[in-house]
Amino acid sequence: VADLLHREHGLSRELATETTTDYLTAFRRCPDNPDMALAQWRSQLWQDVLPVTHKHLASELYGRWLEWRYRYLALPAELQTMLQTLRLQYLLGIITNGPTAAQWEKIDRLALNKYFDCILVSSDLPWAKPDRNIFYAACHYLGVPPGQCVMIGDKLETDIQ
């Protein structure tokens with residue numbers, strides 16, 4: 001998006017980079033606004049970080065950002081094959097922390113439900129990782145004792161500590 005702001009909309013490379021960095025910081029720190037639709041909230045974040053002369057670009061930038069986000073988050077073919085192969089022998093689940101609307105958008109856009117038998121979003125439950133109860137909930141949903149499960153995570157501090 002920084003390149004787009006620089007090349008197509010005339011922002012200096014430094015200001016374009018600063019703007020996109022500010023957006024990502026706000027996106028990660030700011031919880032979803034329950035009074036706004038997800039797209040409206042994200043467009044508002046762009047509106048908040050864009051220079052006054054470029055605020056009219058907020059909706060366009062959000063659309064491009066969303067398109068690119070899911071293009072780069074898409075599961076590579078070899079990962080899809082691996083998940084399909086694993087699912088032939090094992091029950092698979094996802095537990096994700098985060099706001100309900102944003103997480104389900106990601107799950108739906110990436111069609112993750114075809115690879116997993118259980119998908120839990122922390123905002124839908126009274127617990128979030130690393131609380132053990134969310135893991136017990138997944139085990140219960142799958143009908144598998146906790147001692148027969150393996151958890152694979154990507155962030156030690158938010159997954160199990």
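The values are calculated or read from the model by the stated rules, or taken from the named source; none is laboratory data. Worth saying up front: this structure is predicted, and the values here are computed from it rather than measured. We place every Cβ from the backbone using ideal geometry, glycine too, and count neighbours over all the protein chains shown.
Has the stretch 13-21 got at least one residue that is without any contact (Cβ under 8 Å) to a residue 12 or more places away in the chain, under 18 Å from GLU105 (Cβ atoms) and assigned to a helix (DSSP H, G or I)? So far as the stretch 13-21 goes, no, none of its residues is without any contact (Cβ under 8 Å) to a residue 12 or more places away in the chain, under 18 Å from GLU105 (Cβ atoms) and assigned to a helix (DSSP H, G or I).
Close contacts from the stretch 137-160, counting a first residue that is closer than 15 Å to THR96 by Cα and a second that is surrounded by fewer than 12 Cβ atoms within 10 Å (Cβ to Cβ), with Cβ to Cβ under 7 Å and a gap of 6+ residues or different chains, come to CYS139/PRO145. Check the stretch 117-134 and report whether any residue there is within 28 Å of THR19 (Cβ to Cβ) and either modelled with pLDDT of 95 or more or of a type outside the set (Phe, Trp, Tyr) (or both). Checked against the condition, which is being within 28 Å of THR19 (Cβ to Cβ) and either modelled with pLDDT of 95 or more or of a type outside the set (Phe, Trp, Tyr) (or both), the stretch 117-134 yields no hits at all.
Within the set ALA39, ALA26, ALA58, the sole residue that is surrounded by 16 or more Cβ atoms within 10 Å (Cβ to Cβ), outside any loop (DSSP other than H, G, I, E, B), at negative phi and in contact with a helix residue (DSSP H, G or I) (Cβ under 9 Å, 6 or more places away or on another chain) turns out to be ALA58. When you scan the stretch 63-70, do you find a residue that is touching a Cys at 6+ places or on another chain (Cβ under 6 Å), in contact (Cβ under 8 Å) with a residue 12 or more places away in the chain and part of a helix (DSSP H, G or I), even just one? Among the residues of the stretch 63-70, not one is touching a Cys at 6+ places or on another chain (Cβ under 6 Å), in contact (Cβ under 8 Å) with a residue 12 or more places away in the chain and part of a helix (DSSP H, G or I), which makes the answer no.
Here's the yes/no breakdown for (1) surrounded by 12 or more Cβ atoms within 10 Å (Cβ to Cβ); (2) at pLDDT 95 or above; (3) of a type in the set (Asp, Glu):
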{"position": "GLU14", "(1), (2), (3)": "no, yes, yes"}
{"position": "THR17", "(1), (2), (3)": "yes, yes, no"}
{"position": "SER43", "(1), (2), (3)": "yes, no, no"}
{"position": "VAL49", "(1), (2), (3)": "yes, yes, no"}
{"position": "HIS54", "(1), (2), (3)": "yes, yes, no"}
{"position": "THR81", "(1), (2), (3)": "no, yes, no"}
